[in-house]
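Everything on this sheet refers to the single structure shown next.
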Amino acid sequence: MFHSSPMARWSTTSRRSSTPLFLPSSAAGERGSTRSLMLIPTFLCNRDPWTHPRILVPTGTVASPGRRGWRAGSRSRRGCIRPEMMAVKTGTGMATMQICHSWMKLGSLIVCLFFHYRVMHPVHDAFVLWLISVICEIWFAMSWILDQFPKWFPIERETYLDRLTLRFDKEGQPSQLAPVDFFVSTVDPAKEPPLVTANTILSILAVDYPVDKLSCYVSDDGAAMLTFEGLSETSEFAKKWVPFCKKYSIEPRAPEWYFQQKIDYLKDKVVPNFVRDRRAMKREYEEFKIRINALVAKAQKVPEEGWTMQDGTPWPGNNVRDHPGMIQVFLGQSGGLDVEGNELPRLVYVSREKRPGYNHHKKAGAMNALVRVSAVLTNAPYMLNLDCDHYVNNSKAVKEAMCFMMDPLVGKKVCYVQFPQRFDSIDRHDRYANKNVVFFDINMKGLDGIQGPIYVGTGCVFRRQALYGYDAPKTKKPPSRTCNCWPKWCVCCFCFGNRKNKKKVTKPKTEKKKRLFFKKEENQSPAYALSEIDEAAAGAETQKAGIVNQQKLEKKFGQSAVFVASTLLENGGTLRCDSPASLLKEAIHVIGCGYEDKTDWGKEIGWIYGSVTEDILTGFKMHCHGWRSIYCIPKRPAFKGSAPLNLSDRLNQVLRWALGSIEIFFSNHCPLWYGYGGGLKFLERFSYINSIVYPWTSIPLLAYCTLPAICLLTGKFITPELSNLASIWYMSLFICIFATGILEMRWARVAVDDWWRNEQFWVIGGVSAHLFAVFQGLLKVIAGVDTSFTVTTKAGDDEEFSELYTFKWTTLLIPPTTLLLLNFIGVVAGISNAINNGYESWGPLFGKLFFAFWVIVHLYPFLKGLLGRQNRTPTIVIVWSILLASIISLLWVRVNPFLAKTDGPLLEECGLDCT
């Protein structure tokens, strides 16, 4: 679309970068079995455009709705044949879930009975310790119950790519698949290496999707010339890499990870030239890496006068906080062909305008700028956002999402399809729970059975209209229980009997029910239901003139006629009357720093502002509008990324997430009081409440982990002497909690070690990062002290897992270190006290020791990270050496073998005559 244009002088002409376009902005059922098939005629109902003349159903199966979803070709409740769906729910096993539900109910009952016993049996000689422990335990119980409800209806889904291809992408015919815009965001090339970003972009350009329906937008929020030059090199290398990937169907299509695979790359390869082409491509990639590394080395020394481009003009982004907007189209114009002469997907560099005095809203503001730029240039109806360190691991991932988005039955109400996050370069034991398996494989599957998973910030395919703040389309009333096989007189009789009721049902509703359910601010324009928007056609503006006022739309979306017109096109597409030059100029206008002033951007439209975890807020707002989301887990992971290996980096990452939850807790969009009476389901609200309340658990958790040391040092305990009944309640509580966890691991297929690492890091993060997040959030709300956003460092190069053993001091390490020392001292003091007091004191000691060891075992990964690499000496050896040495020393002092033992006092003659 950018071919014949006076803007051709801004296209890339060589491997080196060319002058970018920068203009000042204005104002600143399930699978069928293998049994025989029978034919079912379709004369029973009116034909649907999606229905084949004949639908195959396995013999012996019941053509009726299943428990979780409809079988392909099954009969609906109204007697009509349903079309073959491109994705179905497979469930998690009825028997397993019934057992799991029973244990959840039993666990809730046992928790109540347990607290009845705890409250009715106080410890009078340690009343303060007992009261603190009971308060903490009640909070833990409430958190546990709150976490169980969203797991009530877990489901799994299965996609059918062959049906999608048959429906929309037949060979030899123009593809009917919907266009998709990819968004990649980056900030600092020092912490997000250009080579990592380049691999992400290369994997996007090589996905298995029609190239004319694919565009990639890269947001450089740091306006770094290094990122710009690296993108120029990447676009040149893509002309060789993309045809190689598609010719031999390789996976993954990120070159760094493809060439690092330790597998037999000749498996299933029958093309004789593959070995030769692979070796040649590997040499090309090594040369590409050398050029990228040379750019990185050059960028280490910034000239005093700033960077200059090849034509001698200064780089517009020399001042990161004060520069104009920049857009560069690398691929998609003339010269956007690969080495075989085939077209490549569009690749666009975007750096939004920044000026002093404006709040740019960090990542959320950058994503909203990409939404507007892409709407002006390509306006695909679907968008997929990725972090710069998350590459496409499955080339068919976009098609997996389209199986849900383009499904004729459920696709219209889907706002986004979320993929789980998977990671490379994680140590074998996953010491700091970077995989987060419990959240992605248990919690998210449970949410998918309610209203859908929450948005996690990356690896997500959005419906553009859902991001524009429109309500989800209303579910149409199902047709009456008739079909065309009944005689007309019979249908009329049925209709005549219900004529009075029909008049009551079709009575016009009030206008308020068509609008949003929550209160609007006075200066906020209303959001319009998606059902009010028709598909784009000739004269669409004239038809909309009586429904949507142009001034309201501009107040809502901003002062851009081109962008406002694009928001009315539900199925995407650009305006044909505009030239590429005018579109680029309009794109520069919509990324101006003053464009969002007095609009609904960040409030009702796009990524929502107000928290560093903008992903939770954005998904929450869409669910409040009545949309649902989908959780898609392909057999081959769709995307993979890098995770922080170092303990300090991992804690800082968790700190940022927890701080975002605290910000949402104190905002107007808090799920505790926002969005009632709308489209958000009750159990879905529980999940969002849990996602913002969990940092507050750090306060009772810190107090609870301190109690064992206090008990050992003072000789008191938080529970009275246990009776037989009390022992039963304690045993029942532990058995019920562990049984529920085991059942969750069973239906989610989560390994025990993954579950245990998650439990350990819940304690580590709770007493460190979550605690600091609570205090920082309170300081921000009360005193207005803001905190800076720290980008997590991505990957190390020298040695595998070298970052794992690097020690970086941070104040986050103080609370867990203090807890470890206190509990170690308590254990030593308790054992020494028992040795001094004799045999009778050992009985009460075991409960206190168990309590202390519970804390130490949960903090054990933290201790390993604190000690670092100890010349291959296992950390457990060091720990037990310290404990045993302390105990033996106390025993030595107590026994004192060098003094003679006597039965009584030693009497000596003093030499005085006392008579």
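The values are calculated or read from the model by the stated rules, or taken from the named source; none is laboratory data. This is a predicted model, so every value here is computed, not measured. Cβ: placed from backbone, ideal geometry, glycine included. Neighbour counts: every protein chain shown.
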If you take the residues of the stretch 288-304 that are surrounded by 10 or more Cβ atoms within 10 Å (Cβ to Cβ) and of a type in the set (D, E, K, R), which of them is farthest from the chain's Cα centre (by Cα)?
298
Here are the criteria: (1) surrounded by fewer than 23 Cβ atoms within 10 Å (Cβ to Cβ); (2) in a helix (DSSP H, G or I). Tell me which single one residue 662 does not satisfy.
(1)
Just give me the residues in the stretch 432-467 being charged (D, E, K, R), over 15 Å from residue 405 (Cβ atoms) and not in a helix (DSSP H, G or I), in sequence order.
435
Hey, residue 646 hits all of (1) surrounded by fewer than 24 Cβ atoms within 10 Å (Cβ to Cβ); (2) at pLDDT 90 or above; (3) of a type outside the set (A, V, I, L, M); (4) over 25 Å from residue 442 (Cβ atoms) but one; which does it fall short on?
(2)
What pairs come up if the first residue lies in the stretch 405-434 and is basic (Lys, Arg), the second is assigned to a loop (DSSP other than H, G, I, E, B) and modelled with pLDDT under 85, and their beta carbons are under 9 Å apart, counting only those six or more places apart or on different chains?
413/475; 428/801; 431/645
Any chance the stretch 180-200 includes a residue that's more than 27 Å from the chain's Cα centre (by Cα) and farther than 30 Å from residue 737 by Cα?
no
Considering every residue within the stretch 175-190, establish whether at least one is more than 30 Å from residue 369 (Cα to Cα) and not charged (D, E, K, R).
no
What are the residues in the stretch 432-449 that are over 19 Å from residue 158 (Cα atoms), surrounded by 19 or more Cβ atoms within 10 Å (Cβ to Cβ) and aromatic (Phe, Trp, Tyr), if any?
432
If you go through 159, 200, the only one that is in contact with a His (Cβ under 7 Å, 6 or more places away or on another chain) and under 30 Å from residue 406 (Cβ atoms) is 200
Let me confirm something: among 362, 289, 354, which residue is touching a helix residue (DSSP H, G or I) at 6+ places or on another chain (Cβ under 9 Å) and modelled with pLDDT of 90 or more?
289
Does residue 339 meet the test of being in a strand (DSSP E or B), aliphatic (A, V, I, L, M) and surrounded by 11 or more Cβ atoms within 10 Å (Cβ to Cβ)?
no
Expected output for the stretch 738-752 (first residue on the phi < 0 side of the Ramachandran plot, partner not in a helix (DSSP H, G or I), Cβ below 8 Å, 6+ apart or cross-chain) is 744/750; 745/751; 747/92; 747/93; 747/154; 748/92; 748/154
Right, residue 694: crowded, with 19+ Cβ neighbours inside 10 Å, part of a helix (DSSP H, G or I), modelled with pLDDT of 90 or more and not hydrophobic (A, V, I, L, M, F, W, C) or not?
yes
Is it the case that some residue within the stretch 278-287 is touching a strand residue (DSSP E or B) at 6+ places or on another chain (Cβ under 7 Å) and surrounded by 14 or more Cβ atoms within 10 Å (Cβ to Cβ)?
no
At pLDDT 80 or above, β-branched (Val, Ile, Thr) and touching an Asp or Glu at 6+ places or on another chain (Cβ under 6 Å), is that true of residue 450?
yes
Report yes if residue 583 is within 14 Å of the chain's Cα centre (by Cα) and of a type in the set (A, V, I, L, M, F, W, C), otherwise no.
no
Which residues, taken from the stretch 624-655, are β-branched (Val, Ile, Thr) and either more than 18 Å from the chain's Cα centre (by Cα) or not in a strand (DSSP E or B) (or both)?
633, 654
Considering residues of the stretch 410-431 that are at pLDDT below 90 and part of a loop (DSSP other than H, G, I, E, B) only, the residue surrounded by the most Cβ atoms within 10 Å (Cβ to Cβ)
431
Counting only residues in the stretch 242-259 that are closer than 18 Å to residue 344 by Cα and hydroxyl-bearing (Ser, Thr, Tyr), the one surrounded by the fewest Cβ atoms within 10 Å (Cβ to Cβ) is identified as 249
Picking from 835, 856, which residue would you name as being hydrophobic (A, V, I, L, M, F, W, C), more than 26 Å from residue 133 (Cβ to Cβ) and at pLDDT 70 or above?
835
Report, ordered by the first and then the second residue, all pairs with beta carbons closer than 7 Å, sequence separation of six or more or different chains, a first member in the stretch 549-560 that is acidic (Asp, Glu) and surrounded by fewer than 18 Cβ atoms within 10 Å (Cβ to Cβ), and a second member that is at pLDDT 85 or above and in a helix (DSSP H, G or I).
554/564
Which numbered condition residue 170 fails, given (1) more than 26 Å from the chain's Cα centre (by Cα); (2) of a type in the set (Lys, Arg); (3) buried (at least 17 other Cβ atoms within 10 Å of the Cβ)
(3)
Residue pairs, Cβ under 9 Å, 6 or more apart or interchain, first in the stretch 594-608 and among the aliphatic types (A, V, I, L, M), second in a loop (DSSP other than H, G, I, E, B). List them.
605/468; 605/469; 605/527; 605/599; 608/602; 608/669
Residue under question is residue 338, and the condition is that it be closer than 30 Å to residue 638 by Cα, of a type in the set (Asp, Glu) and out of contact with any Asp or Glu (no Cβ under 6 Å at 6 or more places or on another chain); does it hold?
yes
If you check 866, 821, which single one turns out to be closer than 24 Å to residue 757 by Cβ, modelled with pLDDT under 80 and among the hydrophobic types (A, V, I, L, M, F, W, C)?
866
Counting only residues that are assigned to a loop (DSSP other than H, G, I, E, B) and in contact with a Leu (Cβ under 9 Å, 6 or more places away or on another chain), the stretch 597-623 contains a total of 9
Filter the stretch 709-746 down to the residues that are modelled with pLDDT under 80, surrounded by 13 or more Cβ atoms within 10 Å (Cβ to Cβ) and among the polar types (S, T, N, Q) and list them by number.
719
